[in-house]
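Take a look at the structure below.
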Amino acid sequence: MWNRTRITNCLPIVCLLLTLWTKVSQSTGYFELQLISVENVNGELADGECCDGPRSPQDRRCTRDECDTYLKVCLKEYQMVVTTTGACTFGAGSTQVLGGNRFSLTTKNNPNKIDDAGKIVIPFQFAWLREFSLIVEAWDWDNDTRNNDEELLIERGVHTGTINPGDSWQTLDYDGPVARLVYRIRVRCDENYYGNKCNKLCVPRDDYFGHYRCDPSGTQVCLDGWMGPDCRTAICRRGCNLLHANCSVPGECECKYGWKGQFCDECLLHPGCMHGTCNQPWQCNCKTNWGGLWCDK
């Protein structure tokens, strides 16, 4: 179940497209597991053998050398009875060798800080289902070839549950027949994805197509000076007569044809009008004691 997916047996052009898709595709979120500590007091494997060498004839303890412990993780859909074989439908990961029989990855000066060497990140590209099955395995690294990989297994823990995306960790403690594993897990949405399923997309922008940021729930919030759908409508200067003006940039007041003034509330007289007024553009209403077509008599 730990084999990585390979692109094989396809036409050259199909292989190329699949490879390019793999490189540019973006996850909607990721599952994180961080190992905290391992306790394998006797340095044994799951089958009862020692990780390295035979047992001591005196006390039957494994004394030759310690295990070279590393972690494997398999994440799959929720199952009432978890099968430890088969595909890891949500993804899988592993660490390097982290320590021997007993070790802790917490920092001495700060117990809340844990070494990232024991962190496994599994990205996903689907709406997070909240329910999941998790298989966590401790293994012994050995360069020698063995007929059965299971001979190197130290401990296998299974956990099923529900988890919502967020920054907080959930600590789990598995105390198995051979070893005790303490680790923590969480699910986080990728950048620009929101919601309890990490499937709500909101990409902040400040260009022709919109002027907004995204709040913690993924809702668009207009930047100062913008309003409307996708925040594409500029808010004109305060006091601007919107019947006679418009604006393409916040704070402006661009007069329509036939109007003038700071707030575009002054009409333009008819060309040639001398002593007249207007209520609408191009009028020439003569003032008292003036007459004529252009109010010039």
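Stretched out straight at 0.36 nm per residue, the stretch from Glu191 to Thr89 would grow longer than its current Cα-Cα span by 34.4 nm. Using a probe radius of 1.4 angstrom, the carbon and sulfur fraction of the accessible surface of the chain is 49%. Sorting 233-240, 278-285 by their mean Cβ neighbour count within 10 Å, with the most densely packed peptide first, gives 233-240, 278-285.
Taking each residue as 0.36 nm, the span from Val82 to Asp115 lengthens on full extension beyond its C-alpha to C-alpha distance by 8.9 nm. Against the chain, whose longest principal axis is taken from its Cα atoms, helix 12-24 shows a tilt of about 80°. Per residue, the solvent-accessible area of segment 95-183 (1.4 Å probe, heavy atoms of protein chains only, all protein chains present) comes to 56 Å². With a cut-off of 11 Å on the backbone N, no residue of segment 74-88 is near the modelled label site 7 Å out from Glu32 along Cα-Cβ.
Considering the chain at the alpha-carbon level, its Rg and Dmax are found to be 35.1, 131 Å.
Principal semi-axes of the equivalent ellipsoid, √(5λ) from the alpha carbon gyration tensor of segment 98-215, are 37, 17, 15 Å from largest down.
Note on segment 156-217 and segment 86-116: Cα centroid distance 18 Å, given to the nearest whole angstrom.
From its DSSP helices (H runs of at least four residues, each -39,500 (n - 2.57)), the chain gives a residue-normalised ellipticity at 222 nm of -1500 deg cm²/dmol.
Taking packing as the residue-averaged number of other Cβ atoms within 10 angstrom, the listed peptides 80-86, 170-176, 50-56 run from highest to lowest as 50-56, 170-176, 80-86. Between Leu223 and Lys260, the FRET efficiency estimated from the beta carbon spacing at R0 = 35 angstrom works out to 0.70. Note on Asp296 and Arg213: with the Förster distance fixed at 51 Å, the Cβ-Cβ geometry gives a FRET efficiency of about 0.30.
Working note: Karplus 6.51/-1.76/1.60 with θ = phi - 60° gives segment 248-257 the couplings 9, 10, x, x, 8, 8, 8, 5, 6, 4 Hz, where Gly and Pro are set to x. Counted residue by residue at 0.36 nm each, then reduced by the alpha carbon distance between them, the extension gain from Phe103 to Asn285 reaches 56.0 nm. Look at the Cα gyration tensor of segment 155-252: its axes a ≥ b ≥ c give a/c of at least 1.5 with a/b over b/c, and that counts as prolate. Mean separation of Cα pairs under 8 Å and 6 or more residues apart, divided by the residue count, gives the chain a relative contact order of 14 percent.
In this structure, the amide hydrogen of Arg102, modeled 1.01 Å from its nitrogen in the peptide plane, lies closer than 5 angstrom to those of Asn40, counting only residues at least 5 positions away or on a different chain.
Projecting the Cα atoms of Gly210, Cys240, Val97 onto the dipole axis of the chain, where Lys and Arg carry +1 and Asp and Glu carry -1 at the beta carbon, places Cys240 farthest toward the positive end.
The values are calculated or read from the model by the stated rules, or taken from the named source; none is laboratory data. Remember, predicted model here, so these are calculated numbers, not experimental data. Because the Cβ atoms are built from the backbone with ideal geometry, glycine has one as well, and the counts that use them run over all protein chains shown. To get the accessible areas, we keep the full protein, side chains included, count just its heavy atoms, and leave off ligands, DNA and RNA. Shrake-Rupley method; radii C 1.70, N 1.55, O 1.52, S 1.80 Å.
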